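Just below is one structure, and these are the notes that go with it.
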Amino acid sequence: MNSLKGKVDKIQKHDYINQIRVDANGIYFNIITLQLPEGTNEGSEVTLIFKEAEIIITKDFGCFIGVENIIPSKVTNLKIGEVFCEVTLHSQCGDIKAIITTNSFRKIKIYIGERVYALIKANEIGLGGVE
């Protein structure tokens, strides 16, 4: 499980859905959730939580995509298995681990030291550790 520290920048509520914008060291994450953890307000220190398998890795994209959380990163480690690969990324907001299939790894041909983008859908990020 990945976890990053951040500060709630903005909360928008519509019916029973909440959209929260969190600043994680200058990288802004948009999160959609049905429930806000107790005590979550603008200015709250929070922990962003997301699974390694929820991360999409790409080298480049030339068109608009429906994912708002795009994290410029650098590949720092690779553990290549027969079925899955663990990719460690370093970004401005902290280190992130992603798990992708070995087939995907072979198709995108990423290497240690290479610049990539980590993409995470807004509904795949949870909030924890509200301070």
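Details
- Of the listed requirements (1) assigned to a strand (DSSP E or B); (2) farther than 26 Å from residue 31 by Cβ, residue 82 misses just one: (1).
One line per residue, one yes/no per condition, for (1) assigned to a loop (DSSP other than H, G, I, E, B); (2) closer than 14 Å to residue 94 by Cβ; (3) among the basic types (Lys, Arg):
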position	(1), (2), (3)
4	no, yes, no
10	no, no, yes
18	no, no, no
35	yes, no, no
38	yes, no, no
43	yes, no, no
65	yes, no, no
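Yes/no matrix, rows are residues, columns are (1) surrounded by fewer than 18 Cβ atoms within 10 Å (Cβ to Cβ); (2) without any contact (Cβ under 8 Å) to a residue 24 or more places away in the chain; (3) within 14 Å of residue 3 (Cβ to Cβ):
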residue	(1), (2), (3)
48	no, no, yes
55	no, no, yes
74	yes, no, no
100	no, no, no
110	no, no, no
120	no, no, yes
125	no, no, yes
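- Filter result for the condition that a residue is more than 15 Å from the chain's Cα centre (by Cα) and at pLDDT 95 or above, over 78, 89: 78
The values are calculated or read from the model by the stated rules, or taken from the named source; none is laboratory data. Here the structure is a predicted model, which means the values were calculated and not measured. All Cβ positions, even for glycine, are placed from backbone atoms using ideal geometry, and neighbour counts span all protein chains on display.
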